[in-house]
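Q: Supplied in structure tokens, the structure appears directly below.
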Amino acid sequence: STQAVDTVLTGRMSASSERLFTFSQKHRTAISLSDDLLAAELKESTERVLVYGSRGFSRGIHYWEVTVDKCNHGSMYIGVARGDGSMSSRNWHDLGFESYRATLSPSGETPYGKYYRGGDVMGVLLDCEKGQVSFLREGHEFYLQHPAAVNMGVAFKHVRSEGSSHEPGMRTSTLYYPVFGFSKKDDKITIRNSKWLSMPGEPPQRTLTSLVQTPALLQRYTNDLLAVGGAAAASGAASNATAAATAGDGSGGGGADGDENKDSLEFMPAPPPLVSATSSMYVDASSKGPPLPRWVIEEAYELWRGVYSGCLGYMSRAGRLVRVNPTRTAVERVGGGPGLMPGDRVKMPRGDAEVLGEYRGYLWYRVEGEDSGAWYWSKEETKGLVHFVPPTNWNCTICTFENPSAVEECTMCGSPKPAGADEPAPVAPPPPPANWTCGVCTFENAPSATACDMCGSAPVGEGEEDDEGEHDGDEGEHDPDEDGEDGGNGGGDGGGEGGEGDQDGGDGDKLPPDADLLLCGKDRKVHEFQEAEDEVPDVTFEEFAAMLNPSADCAPSDTWTFEDDKLLVVLVNLVCDEHGVEPQNLQASDIIDALDAGHSECGRLMAKPHDLVVVRLALLLAFNLRVGQLLPYIDLEPAQCFGTSPTGIIRVAERDGRITSSVGGSSGMAGGVAGPVLTSWIMSLKWLVFKRTKIGFWREVVKATETYVSPPLDEYERPGDVPIIKVNRIVANPSTLKTQLSADRMKNSLFGQMKRNTSSWGDSAWRRSYVDIQDAGQERAFVVKFIGEGVDDHGGPYRAVFETAAYEEPSTVLGLLKPCPNSTQANSVNRDKVVFDTDNLSVARLRDVSFLGKLV
């Protein structure tokens, strides 16, 4: 028989919200660690040795930064290593990045990234969910001529968990520990003031459950759409829609009859009955059905609360979304003060930074022009952003006489002291130290470098060596309740750092009177920043669900149709473009303001109750999040989306997306093969997918399918994998092309020259992505050479070719593009946009359109 036994375990446990890890005390004797285990230095040149971090990771997303105090060319190694039994500190092993543009793995060295040197901050992103390791470098950028944070991309893929057993509950995950390697004397790394962000990963069961539930949601939407006739319900054509879609044989769509009912979705194959077709997402006076699934309503309810909370989502350096509180009260809680508010822009050595708000007890920002993601200031940095120095005197507004600060009336004319005279004035802290140029080899070194990284020479005119001793300082006490109260987000590990000490900003008054203000006051947002979190309406979950499933006797204004959802999606797209935000960052006030403004695209939504519109917005947000998660698993090849016609030529009819054969004009899938059901559902509901959801998925696909270009050993050379394309702009002069016959016009155009030069390329060749150090950040798939012109391609010619070949010529002399239908409508949006000209398509014309798609 089994008998329970009580066991007493004793031991010590330590926890910290300030540091993700410290250096492990198990290391080679040549490595010297500081007493607080936050600095590691090699005391004598030796073989390659490692020191581990004190904590390993097997799941989740973890990002940490370290400061490279000093390193030589190729003498340092930063990465991750398996936490096996030995955890050997001898030699560099597993997965890491060496300080001479190369990664090191069991398969050898591979050119990667950028050089890093003393004074740089290096970031490591260990994504256990995707099985990837990436690196980020924050330091001086040659092509920008100022510091910048640059994400160097994925260095290692397919970093997987391992285990000897695949039985449920028996598989073990491999622990990966931070590791740091040294090989030359005085190499040093510190993590004392380093920042980090750690997020727990989503359990696989939850991901799988979500992927299984989402098709059922798509099928329910599709069935309900067909049950009420889709968009055709608005025009009274509901009775034919379901029959046409169920038949799937084109009986509802050929010729002129089909044009009268464009949105009836007659091209859709009949979906299998996973959910009863009587369910109703769209409620009107004649159609009632079972309520929505509870899990959909729960997700929509949380998102609905989010659109009132004021929190905004930003992509962080860790590659994950963080929900930032952009209100004044939240910023003040983390030390922003009255002179630093959400929306302000702050001058930094890396450029202008926008203050975003508070997250997990820290003030977050993003630098304009950087794609490394949002990041945060430490509490010490936040205090030092703007110094407030009370003025000692005040000037009378009447006679301009200067009075002492303590005087309440002008001693000259008796006028009262003006309001706000005692308010502190923002003054910039001392500017950051500048880089110094070596007097021997002219190499530009970081301010912290005590010797030239290139030739080892000491700084010219240096009177004494910098003190490289340990800077223990006051660590400051940490309030354990601080992150939870200030963040308002709760849960998970947070970002943090130590080194917080007293800083009163007393040096601010020593600056010259003409010192630039660190705070760009002229860039403060014109509108008032939000004082505090909005009050979320007092609506319970049950009341929210009732709004999505109104009773049979609801008022006509409370009905909702597929057409209403389409209008709301259009409105969301417009508001997002206007404010430059993602849909998940929309606030309830953004949509309500657009409705009150009476925008022409609002249509009948203006007659709907605002609370109902916001509730339906939350449901659409939930739908788009689910669709975005599912899209990578769906085959969206044209033949799968639309089916194939007997001739193999697919033609997309304008406006409604119906597919017709290129001959005969028959509608639907007559004579062809329908695509997979899941793909068909997505296509039938594409009107409900936000534009930015589609663009986000497109960018993910492009990024995931990039063709790797091995960088050259000399970063000033062109890699051999990047070809040179020669084109002649002289013969492609637009005025000359207009006088030529169609065939000659196509041949001589830049479009035609590009098409011939790349005719042997596979699709993957177009997805090369390489950035040359001299190209100011321009990504490229090839290098352009203009025949008869003495121009070097450092990005300008590359962009000029795409501008001409992908837009100017196709929309004018080549006629591949034509103005969109909205161009003739005075009150419509996107009047300046163009669409593919699908009239009179031939096989040759389709090839031209296909090539244009590759350029785009």
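Residue-wise test of (1) of a type outside the set (F, W, Y); (2) at pLDDT below 85; (3) farther than 24 Å from P147 by Cβ; (4) touching a Leu at 6+ places or on another chain (Cβ under 7 Å).
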residue	(1), (2), (3), (4)
R320	yes, no, yes, no
V324	yes, no, no, yes
E368	yes, no, no, no
S372	yes, no, no, yes
E380	yes, yes, no, no
W394	no, yes, yes, no
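Q: Further question: Criterion first (outside any helix (DSSP H, G or I), under 22 Å from V727 (Cβ atoms) and open to solvent by less than 70 Å² (accessible area, probe 1.4 Å)) does L852 satisfy it?
A: It is false that L852 is outside any helix (DSSP H, G or I), under 22 Å from V727 (Cβ atoms) and open to solvent by less than 70 Å² (accessible area, probe 1.4 Å).
Q: All but one of (1) without any contact (Cβ under 8 Å) to a residue 60 or more places away in the chain; (2) under 13 Å from L814 (Cα atoms) hold for S760, so report the exception by its number.
A: Going through the list (1) without any contact (Cβ under 8 Å) to a residue 60 or more places away in the chain; (2) under 13 Å from L814 (Cα atoms), S760 breaks only (2).
Q: Can you give me the ranges of the strands (runs of 3 or more DSSP E) entirely in segment 15-129 with at least 1 residues that are under 30 Å from R718 (Cα atoms) and under 28 Å from the mean Cα position of the chain (by Cα)?
A: The strands (runs of 3 or more DSSP E) meeting that bar are 61-70, 76-82, 95-98, 102-105, 108-111, 121-127.
Q: Go through segment 794-810 and count every residue that is in contact with an Asp or Glu (Cβ under 9 Å, 6 or more places away or on another chain) and either farther than 20 Å from T758 by Cβ or open to solvent by 30 Å² or more (accessible area, probe 1.4 Å) (or both).
A: Adding up the residues that qualify gives 1.
Q: Which of (1) open to solvent by 50 Å² or more (accessible area, probe 1.4 Å); (2) modelled with pLDDT under 85 does E542 not meet, given it meets every other one?
A: If we test E542 against (1) open to solvent by 50 Å² or more (accessible area, probe 1.4 Å); (2) modelled with pLDDT under 85, just (2) comes out false.
Q: How about segment 754-785: which of its residues are modelled with pLDDT of 90 or more and crowded, with 17+ Cβ neighbours inside 10 Å?
A: Scanning segment 754-785 gives M754, K755, T758, F782, V783, V784.
Q: Let me ask you something else. Output the residues belonging to segment 321-353 that are over 16 Å from C311 (Cβ atoms), part of a strand (DSSP E or B) and open to solvent by 10 Å² or more (accessible area, probe 1.4 Å).
A: The answer is R345, K347, M348, G351, D352.
Q: Within segment 701-721, which residues are surrounded by fewer than 16 Cβ atoms within 10 Å (Cβ to Cβ) and among the hydrophobic types (A, V, I, L, M, F, W, C)?
A: V701, V702, A704, L713
Q: Hey, can you tell me all the residues within segment 299-320 that are more than 27 Å from V539 (Cβ to Cβ) and either without any contact (Cβ under 8 Å) to a residue 40 or more places away in the chain or open to solvent by less than 40 Å² (accessible area, probe 1.4 Å) (or both)?
A: Passing the criteria: Y314, S316, R317, A318, G319.
Q: So S823 ticks every box in (1) outside any helix (DSSP H, G or I); (2) hydroxyl-bearing (S, T, Y); (3) at pLDDT below 85 but one. Which box is left unticked?
A: Among (1) outside any helix (DSSP H, G or I); (2) hydroxyl-bearing (S, T, Y); (3) at pLDDT below 85, S823 violates only (1).
Q: Of all residues in segment 678-700, count the ones that are in contact with a Pro (Cβ under 8 Å, 6 or more places away or on another chain) and either at pLDDT 85 or above or open to solvent by 60 Å² or more (accessible area, probe 1.4 Å) (or both).
A: Matching residues across segment 678-700 total 5.
Q: Looking only at segment 808-846, which residues are farther than 20 Å from V856 by Cβ and in contact with a Pro (Cβ under 6 Å, 6 or more places away or on another chain)?
A: Scanning segment 808-846 gives no hits.
Q: Going through segment 592-606 one residue at a time, which ones are out of contact with any helix residue (DSSP H, G or I) (no Cβ under 6 Å at 6 or more places or on another chain) and assigned to a helix (DSSP H, G or I)?
A: Listed by number, the residues that qualify are D593, D596, R604.
Q: Taking into account only those residues within segment 1-54 that are β-branched (V, I, T) and in contact (Cβ under 8 Å) with a residue 12 or more places away in the chain, which is nearest to T67 (Cα to Cα)?
A: T22
Q: Restricting to segment 354-368, name every residue that is outside any strand (DSSP E or B) and open to solvent by 10 Å² or more (accessible area, probe 1.4 Å).
A: R360, E368
Q: Could you look through segment 130-162, keep only residues that are in a loop (DSSP other than H, G, I, E, B) and either hydroxyl-bearing (S, T, Y) or in contact with a helix residue (DSSP H, G or I) (Cβ under 9 Å, 6 or more places away or on another chain) (or both), and pick out the one that is most open to solvent (accessible area, probe 1.4 Å)?
A: The extreme case among them is Y143.
Q: Criterion first (over 26 Å from D772 (Cβ atoms), surrounded by fewer than 22 Cβ atoms within 10 Å (Cβ to Cβ) and at pLDDT below 90) does E109 satisfy it?
A: Taking the combined requirement at face value, the residue does not satisfy it.
Q: Right, next: Quick check: is even one residue across segment 582-590 modelled with pLDDT under 85 and surrounded by fewer than 18 Cβ atoms within 10 Å (Cβ to Cβ)?
A: Checked against the condition, which is being modelled with pLDDT under 85 and surrounded by fewer than 18 Cβ atoms within 10 Å (Cβ to Cβ), segment 582-590 yields no hits at all.
Q: Now, a different point. Can you tell me which residue is surrounded by the most Cβ atoms within 10 Å (Cβ to Cβ) among those in segment 823-844 that are without any contact (Cβ under 8 Å) to a residue 12 or more places away in the chain and either more than 31 Å from the chain's Cα centre (by Cα) or closer than 28 Å to R767 by Cα (or both)?
A: S823
The values are calculated or read from the model by the stated rules, or taken from the named source; none is laboratory data. Small disclaimer: the values here were computed from a predicted structure and weren't measured. Quick reminder, even Gly has a Cβ in these numbers, built from the backbone with ideal geometry, and neighbours come from all protein chains shown. Remember, those area values only see protein heavy atoms, side chains included, never the ligands or the DNA or RNA. Shrake-Rupley method; radii C 1.70, N 1.55, O 1.52, S 1.80 Å.
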